[in-house]
């Protein structure tokens, strides 16, 4: 496997580790949005978040939120973002599922650039039905 994150977990590529347990590995991002930016990854390789087992996915978000609190306390940030991109069209650069924990300050100058669309009359309910018809939990 030629996955950079798998190589980090295996110790073949150096990283600055923040946390590790049997399911997840957390380390400093080498190109941070803000200093303190951490990645939380499953130790088992998954290209997509959709294949990450529920226990592992839950662990990723639990660890990510605890790291977020530590960023606020340890680095004097006001908040943090948890961000997971699934697929290159969504901004996923490394094809190993990963959760970004980005420390945020009121005036840090970073913006996600979210746009806001509007639904036509009845379109929201129709879209919801299409989603629910394919939802498998």
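Every read-out reported here was derived from the displayed coordinates using simple, explicitly stated rules and does not represent laboratory data. Owing to the predicted nature of the structure, the values given are computational and were not obtained by experimental measurement. Neighbour counts run over all protein chains shown; Cβ positions are idealised from the backbone, glycine included.
Here log10 I(q)/I(0) by the Debye sum over Cα atoms at q = 0.18, 0.22 Å⁻¹ was calculated from the structure, and among (1) -1.06, -1.34; (2) -0.97, -1.46; (3) -0.98, -1.19 it sits at label (1).
Angle of helix 123-134 to the longest C-alpha principal axis of the chain, folded into 0 to 90 degrees and rounded to 10: 60°.
Estimated from the Cβ-Cβ distance and a Förster radius of 22 angstrom, the FRET efficiency linking residue 123 and residue 90 is about 0.50.
Using just the helices of the chain, give the 222 nm mean residue ellipticity in deg cm²/dmol: DSSP H runs with n ≥ 4 each add -39,500 (n - 2.57), and the total is spread over all residues, rounded to 500.
Details: 3 runs with 40 residues, N = 137.
Mean residue ellipticity at 222 nm (helix-derived): -9500 deg cm²/dmol.
Pairs of Cα atoms nearer than 8 Å and 6+ residues apart set the relative contact order; for the chain it is 22 percent. Packing around the peptides 51-63, 114-126, taken as the average count of other Cβ atoms within 10 Å per residue, puts them in this order, highest first: 51-63, 114-126.
A simple spin-label model places pseudo-atoms 7 Å from Cα toward Cβ; at residue 75 and residue 31 they are separated by 1.7 nm.
Helix 54-75 and the longest principal axis of the Cα set of the chain meet at an angle near 60°.
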